[in-house]
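*Asks:* Supplied in structure tokens, the structure appears directly below.
The values are calculated or read from the model by the stated rules, or taken from the named source; none is laboratory data. This is a predicted model, so every value here is computed, not measured. When we count neighbours, we look across all protein chains shown, and the Cβ atoms used for this are built from the backbone with ideal geometry, even at glycine. To get the accessible areas, we keep the full protein, side chains included, count just its heavy atoms, and leave off ligands, DNA and RNA. Shrake-Rupley method; radii C 1.70, N 1.55, O 1.52, S 1.80 Å.
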Amino acid sequence: MTIPPDHPRYRSLLVRERLAGYVRDGVVSPEGLIAHGRGEAFDYLIGETTTKSAALAEKTAAAMLRSARHPVISVNGNTAALAAREIAGLQQASGAIVEVNLFHRTEERVQKISRLLEANGVTVLSGKAERILPLSHDRALSYPEGTGNADVILVPLEDGDRCEALRTMGKTVIAIDLNPLSRTARMASLTVVDEVTRALPMITGFFSTLQEQEIEMLKEAPDNRYFLTEAMIEMNRRLAHALD
Ligand code: PTJ
């Protein structure tokens, strides 16, 4: 189908079509389309824009990644399909290790996603995955030199169980999740309530503008509850005036 460029939801339809193509290629899981739809719904509620509090969360995320000893970015199928180039930009700015961790894990998908990331300029950690997370099932698999050794880990679109397991292991977890009510959002050390393709370049941009003093101030004990509450207040405010 050709999407007419004058359609009011042109960009959204293009992204859907791209993701559907990535399902056919085996990069995105079929369940990934459902997760994307949930994300779209929350993006509607937040106004499809980076709110003031999300921008502050993105600045805080940059400060936390900048002062990390061993920062890691964990990428799944949806993130790779939507934001491979943005991941490359953040890796370049932060020096973070990028590894592929999947909910619906098959070795074939890990390889396909790694190739997609590499084609967009990302250096992907390779090696043998081991059972690192305290979870049953293959969601426990990760890399000793990546997640295993990480102090700060950025998880765009993570599932709640993995997020909780990472916290149990003593990791500082930064989530990007449009749903402020999700278990991931509530379990993370810091949640950026923003769309992943908007959030990643914002975080990258802050790397070049953050002052040392600001980093010191922001990196200490981020108030995740504040960021989630602000996102919900913004959604409520928009709902209250939706038909004005
Ligand atoms: O590739 P895999 O096998 O690792 O699977 C990836 C998915 C995303 C399918 C898997 O991790 C999953 O099922 O995730 P959940 O539990 O559905 O959580 C995804 C969260 O991301 C939801 O809270 C969505 O609202 C949110 N989300 C979806 N799209 C976006 C998003 N947040 C930010 N930007 C988006 N584009």
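*Asks:* Against the condition within 13 Å of the ligand (Cβ to nearest atom), more than 30 Å from Leu45 (Cβ to Cβ) and over 17 Å from the mean Cα position of the chain (by Cα), how does Arg115 come out, does it pass?
*Replies:* Taking the combined requirement at face value, the residue does not satisfy it.
*Asks:* Can we say Arg38 is surrounded by fewer than 16 Cβ atoms within 10 Å (Cβ to Cβ), away from the ligand (no atom under 14 Å from the Cβ) and either outside any loop (DSSP other than H, G, I, E, B) or not aromatic (Phe, Trp, Tyr) (or both)?
*Replies:* No.
*Asks:* In segment 187-200, what residues are within 13 Å of the ligand (Cβ to nearest atom) and touching a helix residue (DSSP H, G or I) at 6+ places or on another chain (Cβ under 7 Å)?
*Replies:* Result: Met187, Ala188, Thr191, Val192, Val193, Asp194, Glu195, Val196, Thr197, Ala199, Leu200.
Residue-by-condition table, conditions (1) away from the ligand (no atom under 16 Å from the Cβ); (2) closer than 20 Å to Gly32 by Cβ:
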site	(1), (2)
Leu90	no, no
Ser94	yes, no
Leu102	no, yes
Ser136	yes, no
Ala150	yes, no
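*Asks:* Collect the residues in segment 133-156 that are of a type in the set (D, E, K, R) and touching a strand residue (DSSP E or B) at 6+ places or on another chain (Cβ under 8 Å), keeping them in residue-number order.
*Replies:* Answer for segment 133-156, where residues must be of a type in the set (D, E, K, R) and touching a strand residue (DSSP E or B) at 6+ places or on another chain (Cβ under 8 Å): Glu145, Asp151.
*Asks:* A further question on this structure: Just one of Arg16, Arg24, Arg38 is in contact with a His (Cβ under 8 Å, 6 or more places away or on another chain) and of a type outside the set (Gly, Ala, Ser); which is it?
*Replies:* Just a single option satisfies the conditions, and that option is Arg16.
*Asks:* On to the next question. Would you pick out the residues in segment 1-24 that are closer than 10 Å to Gly77 by Cβ and either of a type outside the set (A, V, I, L, M, F, W, C) or surrounded by fewer than 14 Cβ atoms within 10 Å (Cβ to Cβ) (or both)?
*Replies:* Within segment 1-24, just Tyr22 meets the criteria.
*Asks:* Next question, about the same structure. Taking Glu17 as the residue in question, decide whether it is acidic (Asp, Glu) and within 13 Å of the ligand (Cβ to nearest atom).
*Replies:* no
*Asks:* For Leu56, state whether it is under 24 Å from Phe207 (Cβ atoms), touching a Pro at 6+ places or on another chain (Cβ under 7 Å) and more than 9 Å from the ligand (Cβ to nearest atom).
*Replies:* Judged against the criteria, Leu56 is not a match.
*Asks:* Further question: Identify, please: which residue in segment 204-226 is touching a helix residue (DSSP H, G or I) at 6+ places or on another chain (Cβ under 7 Å) and of a type in the set (D, E, K, R) and is, among those, surrounded by the most Cβ atoms within 10 Å (Cβ to Cβ)?
*Replies:* Only one residue tops the list, namely Lys219.
*Asks:* What pairs come out if I take residues in segment 21-36 that are on the phi > 0 side of the Ramachandran plot and pair them with residues that are modelled with pLDDT of 95 or more and within 6 Å of the ligand (Cβ to nearest atom) whose C-beta lies under 9 Å away, six or more apart or interchain?
*Replies:* As it stands, the answer is Gly26/Gly77, since those pairs meet every condition given.
*Asks:* With respect to Ala93, determine if the residue is in a loop (DSSP other than H, G, I, E, B), open to solvent by 10 Å² or more (accessible area, probe 1.4 Å), touching a residue at least 60 places away in the same chain (Cβ under 8 Å) and within 25 Å of Ser189 (Cβ to Cβ).
*Replies:* No.
*Asks:* When you check Leu65 against the structure, is it within 15 Å of the ligand (Cβ to nearest atom), surrounded by 20 or more Cβ atoms within 10 Å (Cβ to Cβ) and part of a helix (DSSP H, G or I), yes or no?
*Replies:* Against the criterion (within 15 Å of the ligand (Cβ to nearest atom), surrounded by 20 or more Cβ atoms within 10 Å (Cβ to Cβ) and part of a helix (DSSP H, G or I)), Leu65 does not qualify.
*Asks:* Regarding Ser12, is this residue part of a helix (DSSP H, G or I) and in contact (Cβ under 8 Å) with a residue 40 or more places away in the chain?
*Replies:* no
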